[in-house]
1. Any residue in the stretch B:86-100 that is away from every other protein chain (no Cβ under 13 Å), in contact with a Ser or Thr (Cβ under 8 Å, 6 or more places away or on another chain) and open to solvent by 30 Å² or more (accessible area, probe 1.4 Å)?
2. Being modelled with pLDDT of 85 or more, within 19 Å of A:ASP335 (Cβ to Cβ) and part of a strand (DSSP E or B), is that true of even one residue in the stretch A:72-91?
3. Which residues, taken from the stretch B:49-78, are surrounded by fewer than 18 Cβ atoms within 10 Å (Cβ to Cβ) and part of a helix (DSSP H, G or I)?
4. Could you tell me how many of the residues in the stretch A:418-442 are surrounded by 22 or more Cβ atoms within 10 Å (Cβ to Cβ) and more than 23 Å from B:THR262 (Cβ to Cβ)?
5. Pick from the stretch A:200-233 the residues that are under 18 Å from B:GLN149 (Cβ atoms), small (Gly, Ala, Ser) and in a loop (DSSP other than H, G, I, E, B): which of them is nearest to the other protein chains (Cβ to nearest Cβ)?
6. So A:PHE101 passes all but one of these: (1) within 14 Å of another protein chain (Cβ to nearest Cβ); (2) open to solvent by less than 60 Å² (accessible area, probe 1.4 Å); (3) at positive phi. Which condition number does it fail?
7. Which residue pairs have Cβ atoms closer than 7 Å, lie 6 or more positions apart in sequence or on different chains, and pair a first residue in the stretch B:175-201 that is under 13 Å from B:VAL133 (Cβ atoms) and assigned by TED's automatic domain parsing to the domain that holds B:LEU110 with a second residue that is among the hydroxyl-bearing types (Ser, Thr, Tyr) and assigned to a helix (DSSP H, G or I)?
8. If you check B:VAL287, B:VAL250, B:VAL240, which single one turns out to be buried (at least 21 other Cβ atoms within 10 Å of the Cβ) and more than 30 Å from B:TRP70 (Cβ to Cβ)?
Amino acid sequence: MKKTLRLAAAAALLPLAVGACGSGDARSGQADGELTYWLWDSNQVPAYQACATAFEAENPGTKIKIEQFGWADYWNKITTGLVAGNAPDVFVNHLNYYPTFAAKNQILPIDEQVEEAGISTDVYPEGLADVWVSQDGKRYGLPKDFDTIGIFYNKDLLAEAGVDESTLADLTWNPEDGGTYEDLIAHLTVDANGVRGDEPGFDKSKVEVYGLGLDENNGAGVGQQIWSMYALSTGWQFTDENPWGSEFQYDDPRFQATIAWFKGLIDKGYMPDLATSRAGVSVNDAFGAGKYALSTNGSWMIGSYFGYDGVDVGVAPVPVGPSGERATIFNGVADSIYAGTDDKEGAWKWVEHLASADCQKKVAEAAVVFPSLPEALEVAEEEFAAKGVDVSAFTLPIEEGATHLYPITDHAPEIAAIMGPAMDAVLAGEADASSLTEANEQVNALFQ
Amino acid sequence: MSVAVAPQQPSATERPAARLRAGRSRQDLVPALLFLLPAAFGFVTFYAWPALRTFYLSFTDYSLLAPPEWVGVQNYAEVLGDRRFWKSLTVTLEYVVINIGVQTVVALALAVLMHRLTKSTLIRGVLLLPYLVANVVVALVWYTMLDAQLGIVNSGLELVGLDPVAFFGETSTAIPTIALVNVWRHMGYTALLIFAGLQSIPSSVYEAAAIDGASEWRIFWRITMPLLRPVLVLVLVLTVIGSFQIFDTVAVTTKGGPIDSTRVIYYYIYEKAFQQFDFGYAAALCVVLFVILAGVALAQVKILRAGDSDLD
């Protein structure tokens, strides 16, 4: 009995202990004349299926097989696919990931093909095409669609507060007193007794509606839809240069003042604390439930914010900062060709088709994302308008030239691992904004 | 031995039987191997080989896209000095203590009640229900129910005049919350295991106790607990190892945060391997964890004298 038990314990232990450490991923081989195409956004599958059908009609003998995986699984599957040698021929790539794939020769540069096809990258909004040129000077993608940040607002809550929607376009912000932006947030905050955040007797321990929602995601070192639009509007930049900076500037007083102001909103009761924001329901769902009057988020969330029954939603542009300009991260995706594809020529033809006005207009008609090609963007704007969504708040910063590129550097995942907990600690009140100087040193040590 | 004795005492009845037995076992060998083959194949492919490869990778620098590079014990040296590794170990330990502590007591109580109070299979079935729901679903349902602003639990708290609690969001309550959610899911199953052990205790012992006029309380401590010990140890060994593997609940709810408060060891390994693609380091973490778990299991079996039964 004793021996068997011990043996049983040991036998039970071995597979359990190593269980999480092994991983396998197998996909069936690709048939001739078939190209596999992966993307992560399920909302876009129908539009790209339409592109594929048109492409197949133009190129008899080539079949496009579209597969979609959610964001969380997508990169694991891509990476294991690259290792196993069976990654999809063409896949949607992200600025966070493509530098590594390019550096390890897992995706193909397309400079020659772009030149041969006579594609001009000048047609894209400024900067959007440049980010797909890697450190080796080669191009790894053509920009497909882009996103910017805006402020979603609850029209009913604004009306109750007596706020005229049109004033939202003229908001200003600064890290000292928050400007008219903070005034608005304070006024929109209401406690359980109906007292507003800017009125005497406001009870910040019993807030019924917060002026501004706090994202449930940890923005790590980018804070794209969370705090980047404030920090960048001070004139601060993530890195010494972008793309391919090698020195982060989280030690900059302008950045730390911004984060301190942001944390101050929690202390004043105008924004939920970190614990509340992480306790279960997403920022957009809480907005949809009428808990927040304003919520900053990316244009990729339009579908969610406008999808709540009985909630009348509008979008305002991000506020003008101390630099005298607005600021928003301007981010995009592109299609990459897997270096191990059997059919490089076919894969390029498909990528070329995906970036074409034809296909991008089909994507625009779905009104899910903003295509990078101006002519397709016009179509998208019309389609959004037809759905009752005025997207000018998202495109205004582009017209004003107030866009900033997503910080493109090496070591992105490691940086997130350092900055995630560090930013949490500041927002939770367990560390001062000045503690980010130490985090910055850790980040910069990665580049040495 | 029997061969040496055989010439002196040739037994007509024994020898053919022995031959028959030997012959049958040889006959059984081939089908036995065939039956074992699928399981053996699975074990070697999915457990033994990955385990060996993990051991090898723990001595390398490996980012998946380039071949592994031998670095000796460097990963292990880094593990020892890794603040986040030690933090994740204490977080995991906190989880295991709360999870196993509460779960074992609750499951034991349920099992004894099932054994002494009711024979209803319906109640047994109901107790098992949470276990039939997938971990991730259980986690997400509780995550929504416990939300600070919109969760039904906090609406209840507010009704009785209490302040809402951000169960998953507060650094101090996140791990206890995750531990108790998993107690809820696993208690019925654990109770059933213990219940099976209770049924192996002869009813004559209970009858004798009843004749002597012993109270239920005394019966529990003097009869049930001592006779249940071997089963309880096996249950503990298995549930403790399972508890150390807490991953899915964290992965779909808190994702290691806020700050580092729920970054349990398996989630940390996952982050290192699949988010930061530092497979060599993650493999070293795996090996260290394996050693720890093996030590825990052996200590449990030793301390709790799993092999001895008090039923003689």
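The values are calculated or read from the model by the stated rules, or taken from the named source; none is laboratory data. In this text the structure is predicted, and so the values were computed from the model without any measurement. So basically every Cβ, Gly included, is an ideal-geometry build from the backbone, and we count neighbours across all protein chains shown. For the accessible areas, the whole protein counts, side chains as well, though only heavy atoms, and no ligand, DNA or RNA atoms are used. Shrake-Rupley method; radii C 1.70, N 1.55, O 1.52, S 1.80 Å.
1. no
2. So far as the stretch A:72-91 goes, yes, one or more of its residues are modelled with pLDDT of 85 or more, within 19 Å of A:ASP335 (Cβ to Cβ) and part of a strand (DSSP E or B).
3. If the condition is that a residue be surrounded by fewer than 18 Cβ atoms within 10 Å (Cβ to Cβ) and part of a helix (DSSP H, G or I), then B:TRP49, B:LEU52, B:ARG53, B:PHE55, B:TYR56, B:GLN74, B:TYR76, B:ALA77, B:GLU78 are the ones that fit.
4. 1
5. In this case the residue turns out to be A:SER205.
6. (3)
7. B:VAL181/B:THR249; B:ASN182/B:THR249; B:ARG185/B:TYR131; B:HIS186/B:TYR131; B:GLY188/B:TYR131; B:TYR189/B:TYR131
8. Values: B:VAL287 fails: more than 30 Å from B:TRP70 (Cβ to Cβ); B:VAL240 fails: buried (at least 21 other Cβ atoms within 10 Å of the Cβ).
Going through B:VAL287, B:VAL250, B:VAL240 in turn, the sole match is B:VAL250.
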